[in-house]
Amino acid sequence: MDATATGGSRELADYLAMLKRRWWVVVAAAALGVAVAAMLVVVMPKTYSAFTVVNATPTNLDSGSQSGKQQDINLQTEAQRVRSYDVAERVARDLHTKETPSALSSSVAVNVPNNSTVLYITVNASTAQGARDRAHAFAQAYLDDRRDSATSVLTTQMAALERQINSLSKQLRTMTDKVQKNLVVAQMQALNNKASDLRVTAANVNPGQIITDARLPASPSDPSLTRYLPSGFVGGLLLGVILAILLDRTDKRVRTAQDIERVLDLPVLVDIPAKRGREGLGLLPARSRTGQSFHELSHVLTATLGHGNHVLLVTGAAPGRGGSFVAANLAAALARTGSDVLLVCADLGSSVAGELLGLPEGPGLSEVLLGWAEPQEVVRKNHGAPTLSAITVGANSELAAELLQREQMTSLIGSLRDKYRFTVIEAPSTELGADAQALADLADAALMVVEVPLARYAQVRDGVRRIDRMGAAVMGAVVLPVQDAKVSAPPPRPVPARTPPPLRDRPVTSPSTTTAPTPSPATAQSKYQAIEDAPTVLDMVAVSDEGAPPPKGRRHRPAPLPPASGEQSARSSAPARSTGQARSDLARSVDPSRPAETARPAEAPRPAEAPSRNDTTEVSRSAPADNSAAETAANPKVTWTT
């Protein structure tokens, strides 16, 4: 196909898209034109029109001969004669009007149909009666003027003949020669015959006739609804198109993906039409049309970036929810390819990405930046995609808002790069500050999210320039409609609250009143939750139903300080409680909705062969499951190991 034809068709498509966007301007202008036309019909003075049809017949004066043929008459000349000053003066005399002949002549229009000898004489007046009278008066005055003109010419000719006859008669009286007298008599006889013919012609002059006389008009001819309303509509339509073009050229907002490629020369990798994203998009199904677009994007990024682990930055040109939507769906699409993907929600002012993945609120990136938790403690799994993990915003985003541009974030991304094939960073908009630039320094490539018609050309241009300055290659743009507050996401799984509570005291029993039971795999089959204390983070770890010991790698609680003298008596007098009851109380302190566990009858201790030892002998024993102070106090001679 010719490049010129392609460019012309694209330009035509751009104009059609512009008219589709600005249709309300065109419709409003057309309606305004119709309204103005209707108002003019009501306000303007009424004008009535009446016409008379005259059949003009040729005279000797018209043809210059006695042929009398119809083609001898010049109707264009006759049309000008109808509007002449002499005819208008006759009309003024006949109608006894005070208007000047020039004013009367300006109100007359003469139409000459082709191949005919008729004249349509149309006259306009402010009243219906006046229009009819003037039309008839102009037609009659025109015919009278033609008759008088023809008669005047014939009369002049007859007068000339009479003068010749009189001259010959005088000569005849003085002549004596008979032959000469006979010749003069013959001339006089011829002149008399000619004069007689002229008298007959003058008496029978026919300038024409009125074949259709003027009638009283029933309605005004101007202003006319049938003429003004269509004219107003067409005029308003043209004005609307011009205004729509001007508004679109002066509009600084991005309207379509084609505008980004045409104005900013930025490739569009994904274009989500407005009809599919009008009500708020969520985590897209893999087989949906829009979901397939993200799959194509994931393949393009994988092929472009090549082998190895990579960090991708997703940021928006303008503040909005589109960046979170794109980051979550891109991470899901990459995970569906079998790669280990981690989504880092670095937009601390938005929790949309976590909601899209169905992850509950709790510790996240803000706690890691504040030093309250380790990265592996806040990584969440999405059960729909086994290879997809996420670090949500966290519960203390306001405190960590200033830490995105510090070394903590650099160290975190560096450690995550080594563990995951793709690390997708959801960054704040480039319009909101320098956070996106600081994160771009840690990324290999970036995607610019453009929400239409929210983003402006200047915002997209400045965002791309800021990312390029940090060394991250902007792969292209993802265009989608503005996302509202509705988010289509699965409901989060209910878990205990993850906000950092204050440290709680653990129950302690006296070593003189009770001894810690030895945990056995065949004991109680109920669920329990062990509490792992961090400086300010409380993390709930689920344990299996079979009473198996908790997983290794947990921090060991150091031995408690010896109680004061006053506390020793109080603790020795307190009733002894089992380790299971202590765990139940601790679990209820974290989750009040947890029902209290019923006390189980004490089981008889099983006989076990243990090496004999005295009180001064120190032995090594595995640390109890919960590192409780009760068992530590009950065995003061034991050194606990992990």
Arrange the peptides 430-441, 172-183 so that the one whose residues have, on average, the most other Cβ atoms within 10 Å appears first. 430-441, 172-183
Per DSSP, loop trypsin sites (Lys or Arg not before Pro) in the stretch 278-327 with at most 10 further Cβ within 10 Å: Arg287
Compute the Cα gyration tensor for the stretch 116-159, then decide on rounded, prolate or oblate, letting a ≥ b ≥ c be the square roots of its eigenvalues: rounded whenever a/c is under 1.5, prolate when a/b is larger than b/c in the other cases, and oblate in all that remain. prolate
Rg (Å, one decimal) plus Dmax (Å, integer) for the alpha carbons of the stretch 240-389? 18.2, 62
Mind checking Rg over Rh on the stretch 315-472, alpha carbons, Kirkwood formula for Rh? 0.94
For the stretch 454-485 and the stretch 146-214, distance of Cα centres in Å: 103
Of the listed peptides 445-452, 470-477, 213-220, 259-266, what is their order by residue-averaged count of other C-beta atoms within 10 Å, with the highest listed first? 445-452, 470-477, 259-266, 213-220
Once the Cβ-Cβ distance between Ile245 and Glu402 is put in as r, and R0 is 51 Å, what FRET efficiency do you end up with, to the nearest 0.05? 0.60
With all protein chains present and a 1.4 Å probe, how do Trp23, Trp372 order by accessible area, largest first? Trp23, Trp372
First check a/c for the stretch 118-251, with a ≥ b ≥ c the square roots of the eigenvalues of its C-alpha gyration tensor; if it is under 1.5, answer rounded, and if not, answer prolate when a/b is larger than b/c or oblate otherwise. prolate
Keeping all protein chains in position, work out how much accessible area Tyr120 exposes to a 1.4 Å probe, and write it in Å² to the nearest 10. 90
To the nearest Å², the heavy-atom accessible area per residue of the stretch 278-436 with 1.4 Å probe amounts to 39
Order these peptides, 24-35, 384-395, by their mean beta-carbon neighbour count within 10 angstrom, highest first. 384-395, 24-35
Rounded if a/c is under 1.5, else prolate if a/b is larger than b/c, else oblate: which is the stretch 325-368, with a ≥ b ≥ c the root eigenvalues of its Cα gyration tensor? prolate
Semi-axes a, b, c in Å (a largest) for the stretch 258-332, each sqrt of 5 times a Cα gyration tensor eigenvalue, come to 20, 17, 13
Hey, with R₀ at 51 Å, roughly what FRET efficiency would Asp86 and Gln171 work out to, going by the Cβ-Cβ distance, to 0.05? 0.80
From the Cα centre of the stretch 19-62 to that of the stretch 292-312, the distance in Å is 65
Would you mind telling me the share, in percent, of accessible area of the stretch 370-421 contributed by carbon and sulfur at probe 1.4 angstrom? 48
Asn204 and Ala17 label points (each 7 Å along its Cα→Cβ direction) are spaced in nm at 8.3
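The values are calculated or read from the model by the stated rules, or taken from the named source; none is laboratory data. Since the model is a prediction, treat every value here as computed from it, not as a measurement. Glycine also receives a Cβ, built like all others from the backbone with ideal geometry; neighbour counts cover every protein chain displayed. SASA here: full protein model, heavy atoms, side chains in, ligands and nucleic acids out. Shrake-Rupley method; radii C 1.70, N 1.55, O 1.52, S 1.80 Å.
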